[in-house]
Amino acid sequence: MNKGKVLIVDDNNGIRAALRILLPRYFAEAECIPSPKTLTSRLREMRPDVVLLDMNFDTDINTGNEGLYWLSEIKRLSPDTEVVLFTAYADIALAVEGMKRGAFDFVVKPYDNDRLVEILTAACEKSLKMARKAARRGDSGAASEMYWGGGQAMRGVRATVEKIAPTDANVLITGDNGTGKDVLAGEIHRLSDRARRQMVAVDVGAISDGLFESELFGHLKGSFTGAFADHAGKIESADGGTLFLDEIGNIPLHLQAKLLRVLQNRTVIRVGDTRPLPVNVRLICATNRNLEELVREGRFREDLYYRINTIHLHLPPLRERTDEILPLARIFIDRYAAKYRRAVTDIDPSGEALLLGHEWNGNIRELRNCIEKSVILASGERLSAADFSFADSIAEPRPLSEITVGESLEVLEEKAIRAALEHFGGNLTMVAKSLNISRPTLYARLKKYNI
């Protein structure tokens with residue numbers, strides 16, 4: 001079965017009924033709609049790889065212009081979606097014109113099942129290939145920077161994002177440091193109707209109390225010492241777009257009321273001014289703190305919590321998203337190999353095993369930094385286990401009950417070597433690094449303890 005998703009737009013009941021039976025045998029998802037009236041919403045919600053588009057929908061007007069119009073709309077709204085035109089024999093010239101405007105191919109009615117499936121499969125493969133390339137490049141702008149993986153937790157997050165992104169609902173994103181909360185916020189903005197305007201990101205915890213109002217709300221010239229010119233705040237700059245407030249849990253309590261007032265009234269008043277300025281922003285907040293606990297402790301306003309928490313999305317740590325580790329690593333390899341002009345192209349099996357076995361307490365941020373460092377220092381085209389090094393972690397002290405009093409240093413050394421061998425799956429380079437000894441020394445110890 002092809003993994004792609006196909007959307008069929010055709011007003012013929014018989015054709016739709018036949019394709020509902022035929023196409024699910026070959027594609028992961030095949031949906032039929034009778035007219036392009038709902039095409040825009042289905043593109044946004046289903047995100048098909050291919051649209052099979054009829055050229056005519058009005059029986060009184062049979063010029064094919066409708067098909068060409070909707071072809072242009074599909075390519076405008078979803079440039080990576082391929083379009084296959086469905087046309088009568090008499091409209092082949094129009095179908096050729098459609099290919100000049102970006103259609104992948106066309107199918108003539110009455111159609112041959114095998115030929116139809118062949119064309120749709122080729123179109124799906126092209127669409128999926130382009131999507132994978134975009135993901136590996138880490139493109140910004142119109143392309144997504146979000147890599148979803150295939151795990152159950154992230155599938156749930158993705159399904160929710162695709163439902164709520166087109167709305168203006170406020171979103172609260174929680175998760176450990178480095179899990180990609182800012183990237184998820186960018187993805188929500190990219191999929192929203194506000195994508196043509198900017199997303200303004202603010203690290204709330206990094207703003208000092210004295211500058212909080214000026215940074216978020218703006219100020220007038222002369223309103224305080226150092227205000228040499230009028231200044232539009234972050235909220236005003238996000239008008240018509242998205243405002244992303246990172247680390248929202250770090251806002252001091254006395255400043256939370258001022259932020260709440262802006263969100264409730266949808267107006268800002270610059271410092272030194274009395275005139276309210278209307279603002280239209282979609283709010284996305286993120287935090288690694290437990291806001292419910294802060295509310296119970298009286299350190300976060302309950303009314304502000306409910307105002308920002310219309311939709312709650314939680315990003316699990318990377319150790320619970322192991323299916324993402326290697327694809328993300330390869331995305332970072334491509335990115336940093338291009339940035340630093342290195343010849344690194346992939347990871348060998350020993351490197352894969354090491355990455356999959358690491359805890360990644362720093363999550364995606366730690367993985368990105370690890371790959372960047374390895375790409376810079378690597379001597380070959382493929383990263384091996386020897387190319388990776390991890391930041392020193394603060395280990396929990398070993399409980400006294402686990403140490404047998406009277407054990408000799410040799411016994412402890414042998415136990416440490418055996419534990420490292422088991423942890424790294426026999427990779428001697430990583431065992432030596434973890435024990436902070438050279439490989440020749442490790443060989444000598446292995447021989448000494450008959451390991």
So for R0 = 35 Å, FRET eff. of T38-R158 from the Cβ-Cβ r, to 0.05, ends up at 0.95
Output the antiparallel fraction of DSSP beta bridges having both residues in the range 237-385, as a percent to the nearest 5. 20
222 nm mean residue ellipticity, helices alone, for the chain (DSSP H n ≥ 4; -39,500 (n - 2.57); rounded to 500): -13500 deg cm²/dmol
Dipole of the chain, positive direction: furthest Cα of A432, L7, Q264, with charges on the beta-carbon: A432
Which residues' amide hydrogens lie under 5 Å from the amide hydrogen of V107, considering only partners 5 or more residues apart or on another chain, with H built in the peptide plane? L85, F86, T87
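Tell me whether the chain comes out rounded, prolate or oblate; compute the Cα gyration tensor, take square roots of the eigenvalues as a ≥ b ≥ c, and use a/c under 1.5 as the rounded threshold.
Details: a/c = 2.49, a/b = 1.24, b/c = 2.00.
Here the chain falls in the oblate category.
If the chain between T345 and N436 were fully stretched, how many nm would it gain, using 0.36 nm times the residue separation less the Cα-Cα distance?
Additional length available on full extension: 29.9 nm.
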What are the ³J(HN,Hα) couplings of the range 441-451, residue after residue, when phi is run through the Karplus curve with 6.51, -1.76, 1.60 and θ = phi - 60°? Round to Hz, x for glycine and proline. 5, 4, 4, 5, 5, 4, 5, 4, 9, 6, 9
With the dipole of the chain worked out from charges on the C-beta (+1 for Lys and Arg, -1 for Asp and Glu) around the Cα centre, which of G205, S374, T121 lies farthest toward the positive end? S374
So what is the relative contact order of the chain, in percent, for Cα pairs below 8 Å that sit 6 or more residues apart? 11
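How far, in nm, would the chain grow between E292 and E413 when pulled straight, counting 0.36 nm per residue and subtracting the alpha carbon separation?
Working: separation 121, 0.36 × 121 = 43.56 nm, distance 4.68 nm.
Roughly 38.9 nm would be gained on extension.
In a shell of Cβ-Cβ distance under 9 Å around G151, excluding G151 itself, what net charge do Lys and Arg (+1) and Asp and Glu (-1) give? Write out the running numbers ahead of the final one.
On the way: positive: R155, R321; negative: E320, D323, E324.
With Lys, Arg at +1 and Asp, Glu at -1, the neighbours total -1.
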Non-local amide H neighbours of V271 (under 5 Å, H modeled in plane, Pro and chain starts lacking H): which ones? G218, H219, L220
About its Cα centre, what dipole magnitude does the chain give when the only charges are +1 on Lys and Arg Cβ and -1 on Asp and Glu Cβ, stated in debye to the nearest 20? 560
From the phi angles alone, apply the Karplus equation (6.51, -1.76, 1.60; θ = phi - 60°) to the range 264-277 and give each ³J(HN,Hα) in whole Hz, x where the residue is Gly or Pro. 6, 8, 6, 9, 10, 10, 5, 4, x, 10, 10, 8, x, 9
Would you calculate the separation in nanometres between label points at E97 and L22, each defined as 7 Å from the Cα along the Cα-to-beta-carbon direction? 2.6
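Quick one: Cα convex hull volume of the range 75-127, Å³ per residue?
In the range 75-127, the Cα convex hull volume per residue is 67 Å³.
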Per-residue HN-Hα couplings for the range 169-179 [Karplus 6.51, -1.76, 1.60; θ = phi - 60°; Hz; x = Gly/Pro]: 4, 5, 10, 10, 10, 10, x, 5, 4, x, 7
For the range 238-305, what's the relative contact order in percent, using C-alpha pairs closer than 8 Å and at least 6 residues apart? 47
Report the relative contact order of the range 243-398, percent, no decimals, based on alpha-carbon pairs under 8 angstrom and at least 6 residues apart. 19
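Computed from the coordinates by the stated procedures, all read-outs in this text should not be read as laboratory data. Quantities reported herein were computed from a predicted structural model and do not represent experimental measurements. Positions of Cβ are generated from backbone atoms using ideal geometry, with glycine treated the same way; all protein chains shown enter the neighbour counts.
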